[in-house]
């Protein structure tokens, strides 16, 4: 092996970001299925799948419980906002706490917190009509728990998997399946029992997740036991690490626009357009088709290993414009389904490429905080886009907002491909 390396062959973004994360000694970047499914990954996989299954139950449980108790429809939106608000606000603190106390420990604490909240909601809905303030408060507790949990996910994947891309693809497929299975199971359980029973099942998922995470046996991370500054100093240090990588902040800066103008409005406006034009049953089918598309995208990411993953993901993103165009032009149901299938597939493929890039290029000691900045920015802008989608659509029209989103989607893909640090960043492993 040559001892001198031509610096011109190293992508600019890798030079400015410092040494990337490398897989653990003795592993292979393109590990086979047997290498992937080691004990730690199996436990982590079960924890994630069960927790995602439980998360999918929440909207159904809240809707059935509150409306069944005679509460106004707006109370459901407020309860969901009470969950998302604390998640978006506290996730930055969750990143610092994961660095201080290890991601695994914080995820177990988060599962315990959410377990208690779900048990209390199960009891209150099963025994009577809970006051709204209690529902909102417990939803906020669940949001705080999610904020403490989420930063550790990104840094744990490289520690339990020998092949980070394959692991992310498998997790994405499982997430898509659970997104479909969770609400369906909750709907059946509400019909057979009550919203309280759904929350009891939700509590059980947090118990299983916490137990699996407790059983993980991880080697100490490089940052474990390192000297720490103040809480604020670590937030500032995370921001410096974030700004030191032009490919990272470049993608997230573009994604704030994308989340606000495309992802935020797309879900509520799709619900309105499809439900009003074709009925709620058709809307449910469209969401299932979108989930099936996500499974396909995850399976593609299992097979394809592009040399430049961000560029490959950006090339796929225009497929989301197809989803928006079929909706904006109010096409027949068959074409709407095709648009949802393609949109789900390319979105899942992009997410695997993005997650893998972040987890392999960012040093482990900075990954929790940098992932927290990513999550916070995305949640806030998507939430803002959802909140404004209705008023803007009432003024200019639902189709117009969706078609504008299709144009913005194409522009976002062009910007990602036009930015040299993003386009030329190469894969590791």
- [ ] Using the structure shown, decide if residue 216 is more than 19 Å from the chain's Cα centre (by Cα), under 22 Å from residue 43 (Cα atoms) and touching a residue at least 40 places away in the same chain (Cβ under 8 Å).
- [x] yes
Open item on the list: Here is a check on your reading of the model: is residue 146 under 24 Å from residue 79 (Cβ atoms) and either more than 15 Å from the chain's Cα centre (by Cα) or assigned by TED's automatic domain parsing to the domain that holds residue 84 (or both)?
Closed with: yes
- [ ] Among the residues of the stretch 319-332, write down those that are surrounded by fewer than 15 Cβ atoms within 10 Å (Cβ to Cβ) and farther than 17 Å from residue 401 by Cβ.
- [x] 332
Task: Single match in 365, 400 (criterion: in contact (Cβ under 8 Å) with a residue 40 or more places away in the chain, over 30 Å from residue 284 (Cβ atoms) and surrounded by fewer than 23 Cβ atoms within 10 Å (Cβ to Cβ)) - done: 365
- [ ] Go over the candidates 104, 100 one by one and state the one that is part of a helix (DSSP H, G or I) and more than 19 Å from the chain's Cα centre (by Cα).
- [x] 100
Open item on the list: Quick check on the stretch 44-51. Is at least one of its residues without any contact (Cβ under 8 Å) to a residue 40 or more places away in the chain and surrounded by fewer than 20 Cβ atoms within 10 Å (Cβ to Cβ)?
Closed with: no
TODO: Quickly run through the stretch 89-123 and pick out the residues that are crowded, with 21+ Cβ neighbours inside 10 Å, under 14 Å from residue 146 (Cβ atoms) and either modelled with pLDDT under 85 or in contact with a strand residue (DSSP E or B) (Cβ under 8 Å, 6 or more places away or on another chain) (or both).
DONE: 90, 91, 94, 95, 97, 98
TODO: Among the numbered conditions (1) within 22 Å of residue 177 (Cα to Cα); (2) under 18 Å from the mean Cα position of the chain (by Cα); (3) modelled with pLDDT of 90 or more, tell me where residue 300 comes up short.
DONE: (2)
Open item on the list: Checking the conditions here, which among 150, 165 is closer than 27 Å to residue 292 by Cβ and modelled with pLDDT under 90?
Closed with: 150
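Residue by residue, here is whether (1) without any contact (Cβ under 8 Å) to a residue 60 or more places away in the chain; (2) closer than 18 Å to residue 115 by Cα; (3) not in a helix (DSSP H, G or I) holds:
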{"site": "133", "(1), (2), (3)": "yes, no, no"}
{"site": "136", "(1), (2), (3)": "yes, yes, no"}
{"site": "142", "(1), (2), (3)": "no, yes, no"}
{"site": "154", "(1), (2), (3)": "no, no, no"}
{"site": "174", "(1), (2), (3)": "no, no, no"}
{"site": "179", "(1), (2), (3)": "no, no, no"}
{"site": "183", "(1), (2), (3)": "no, no, no"}
{"site": "187", "(1), (2), (3)": "no, no, no"}
{"site": "199", "(1), (2), (3)": "no, yes, no"}
Open item on the list: Quick test for you: out of 121, 113, pick the one residue that is without any contact (Cβ under 8 Å) to a residue 60 or more places away in the chain, in a helix (DSSP H, G or I) and closer than 20 Å to residue 196 by Cβ.
Closed with: 113
Task: Tally, over the stretch 201-233, of residues that are part of a helix (DSSP H, G or I) and at pLDDT below 75 - done: 2
Open item on the list: Can you confirm whether residue 428 is under 22 Å from residue 304 (Cβ atoms) and in a loop (DSSP other than H, G, I, E, B)?
Closed with: yes
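Table: residues versus (1) part of a helix (DSSP H, G or I); (2) under 30 Å from residue 278 (Cα atoms); (3) modelled with pLDDT under 90.
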{"position": "331", "(1), (2), (3)": "no, yes, no"}
{"position": "369", "(1), (2), (3)": "yes, no, yes"}
{"position": "372", "(1), (2), (3)": "yes, no, yes"}
{"position": "381", "(1), (2), (3)": "yes, yes, yes"}
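The values are calculated or read from the model by the stated rules, or taken from the named source; none is laboratory data. Here the structure is a predicted model, which means the values were calculated and not measured. Reconstructed Cβ throughout: ideal geometry from the backbone, glycine too, with neighbour counts over all protein chains shown.
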